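All remarks here apply to the structure that follows.
The values are calculated or read from the model by the stated rules, or taken from the named source; none is laboratory data. Note that the coordinates shown come from a computational prediction; the quantities given were computed from them, not determined experimentally. Positions of Cβ are backbone-derived with ideal geometry, glycine not excepted, and every protein chain shown enters the neighbour counts.
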């Protein structure tokens, strides 16, 4: 635990001063969408094959639908290039039961809306007023997140996140986070979730299989059961591509692409950027947006024992009114996973639902455990605020 804390502090300062994206790398930082530096020929081939599959447009004969959200992974992960995020919003909904528990309303197709459909089927409803008529008391929007550098995150040991949570509980209890513990479908073990707005997905492999089914409607070995349109499973009798649509090859290719996708590069490091980084830490932002993490051992050298700089603890924090109301895994309606800040300068809309169009608006929307840092931000002089924003816009 002490070792992690020291490494975090030293690496965080190194990032502010040098602009590195992976500590110790002797190659130029990758551009947005580039693979990790230092891959072997075979690993580059796996990355390129995965990238091609990631961009492939799925058709009905491939198993697309019956209900889905888009026809390829790249359709949603496209800004500023393939593998990024987008301003596309998806809809989740549910209701609170009388005992306060969350009901995802699977009987009407919840909690994720699939807003497109193949011929012969109807897309699912996403208009909040119409969802309310179905009984939904909670309707939330979710923005597509970038995938840059997530192979590094995937290879951080669970013990690291547990150590961060313990350190926060000891030194900054007012903003301490906690992990979302979820099921790893490959090992059938409860592990720490790292991906998704609620940290509801534990691995990139599971992320790929989940997206293949829930975003494109393509069944695969991890997720073999088709989504029932509007919750009506009898409608699947008319499904033109029943059975297992993908034998696992597509999921493997998506996973390879995401695993080997490089982290976002830093922008120019100016004197004001360095000063803004100091202000960032002084406000308490780094309590949750932890600058540095370290991977564990890995067969891919580019992923093995690397210190990198995502500016996130990947833990759940109570965000008060900024929470989206949806319960996933251990995450309550008010809790959200700390969003990584690397690549921030290429994001066009901010927060989980895209409500903020500028970085300062996003900060001012913070609530719950983020309220104190927000209030300190509001109290900054105009000069200090400008330097902080320069720092954030360099990420």
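Against the conditions (1) closer than 30 Å to residue 291 by Cβ; (2) out of contact with any strand residue (DSSP E or B) (no Cβ under 7 Å at 6 or more places or on another chain); (3) buried (at least 20 other Cβ atoms within 10 Å of the Cβ), residue 85 satisfies every one except (2).
Go through the range 218-235 and give me each residue that's in contact with a helix residue (DSSP H, G or I) (Cβ under 8 Å, 6 or more places away or on another chain) and either at pLDDT below 95 or not in a loop (DSSP other than H, G, I, E, B) (or both). Once the filter is applied, which keeps residues that are in contact with a helix residue (DSSP H, G or I) (Cβ under 8 Å, 6 or more places away or on another chain) and either at pLDDT below 95 or not in a loop (DSSP other than H, G, I, E, B) (or both), the range 218-235 yields 229, 230, 231, 235.
Is it true that residue 292 is crowded, with 20+ Cβ neighbours inside 10 Å, within 30 Å of residue 91 (Cα to Cα) and in contact (Cβ under 8 Å) with a residue 12 or more places away in the chain? No, not satisfied.
Listed here are the residues, each with its yes/no results for (1) free of Cβ contacts under 8 Å to residues at least 24 places away in the same chain; (2) in contact with a helix residue (DSSP H, G or I) (Cβ under 6 Å, 6 or more places away or on another chain); (3) part of a helix (DSSP H, G or I); (4) on the phi > 0 side of the Ramachandran plot.
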position: 207; (1), (2), (3), (4): no, no, yes, no
position: 216; (1), (2), (3), (4): no, no, no, no
position: 244; (1), (2), (3), (4): no, no, no, no
position: 255; (1), (2), (3), (4): no, yes, yes, no
position: 258; (1), (2), (3), (4): no, yes, yes, no
position: 273; (1), (2), (3), (4): no, yes, yes, no
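Return yes or no: is residue 131 assigned to a helix (DSSP H, G or I), surrounded by 15 or more Cβ atoms within 10 Å (Cβ to Cβ) and in contact (Cβ under 8 Å) with a residue 12 or more places away in the chain? Here the answer is yes, as residue 131 does meet what is asked.
Per-residue answers, yes or no, for (1) surrounded by fewer than 22 Cβ atoms within 10 Å (Cβ to Cβ); (2) under 13 Å from residue 121 (Cβ atoms); (3) over 26 Å from the mean Cα position of the chain (by Cα):
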position: 204; (1), (2), (3): no, no, no
position: 208; (1), (2), (3): no, no, no
position: 212; (1), (2), (3): no, no, no
position: 218; (1), (2), (3): no, no, no
position: 222; (1), (2), (3): yes, no, no
position: 225; (1), (2), (3): yes, no, no
position: 234; (1), (2), (3): yes, yes, yes
position: 238; (1), (2), (3): yes, yes, yes
position: 241; (1), (2), (3): yes, yes, yes
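The residue pairs whose first member lies in the range 366-395 and is at positive phi and modelled with pLDDT of 95 or more, whose second member is in a loop (DSSP other than H, G, I, E, B) and surrounded by 16 or more Cβ atoms within 10 Å (Cβ to Cβ), and whose beta carbons are closer than 9 Å, counting only pairs six or more residues apart or on different chains, are 368/319; 368/323; 368/334. Scanning the range 160-169 for residues that are out of contact with any helix residue (DSSP H, G or I) (no Cβ under 6 Å at 6 or more places or on another chain), more than 26 Å from residue 352 (Cα to Cα) and free of Cβ contacts under 8 Å to residues at least 40 places away in the same chain turns up nothing. Considered as a group, the residues in the range 154-182 that are under 19 Å from residue 332 (Cα atoms) and under 17 Å from the mean Cα position of the chain (by Cα) include one that is surrounded by the fewest Cβ atoms within 10 Å (Cβ to Cβ), and that residue is 181. The residue list 199, 151 contains one member that is assigned to a helix (DSSP H, G or I), at pLDDT 95 or above, touching a strand residue (DSSP E or B) at 6+ places or on another chain (Cβ under 9 Å) and crowded, with 18+ Cβ neighbours inside 10 Å, which is 151.
Of all the residues in the range 177-193, those that are in contact (Cβ under 8 Å) with a residue 12 or more places away in the chain and more than 29 Å from residue 65 (Cβ to Cβ) number 7. When the criteria are applied in full, residue 262 meets the requirement of being over 19 Å from residue 60 (Cβ atoms) and in contact with a strand residue (DSSP E or B) (Cβ under 7 Å, 6 or more places away or on another chain). Of the residues in the range 262-271, not one is over 30 Å from residue 176 (Cα atoms), touching a helix residue (DSSP H, G or I) at 6+ places or on another chain (Cβ under 6 Å) and either surrounded by fewer than 18 Cβ atoms within 10 Å (Cβ to Cβ) or at pLDDT below 95 (or both). Considering every residue within the range 42-54, establish whether at least one is assigned to a loop (DSSP other than H, G, I, E, B) and either within 30 Å of residue 300 (Cβ to Cβ) or in contact with a strand residue (DSSP E or B) (Cβ under 7 Å, 6 or more places away or on another chain) (or both). No: zero hits. Between residues in the range 336-364 that are at positive phi and in contact (Cβ under 8 Å) with a residue 60 or more places away in the chain and residues that are surrounded by fewer than 21 Cβ atoms within 10 Å (Cβ to Cβ) and part of a strand (DSSP E or B), which pairs lie under 8 Å by C-beta distance while being six or more apart or on different chains? Close Cβ pairs (under 8 Å, with a partner that is surrounded by fewer than 21 Cβ atoms within 10 Å (Cβ to Cβ) and part of a strand (DSSP E or B)) amount to 354/89; 354/141. Residue 98 fulfils the conditions (1) in a helix (DSSP H, G or I); (2) free of Cβ contacts under 8 Å to residues at least 12 places away in the same chain except for a single criterion, (1).
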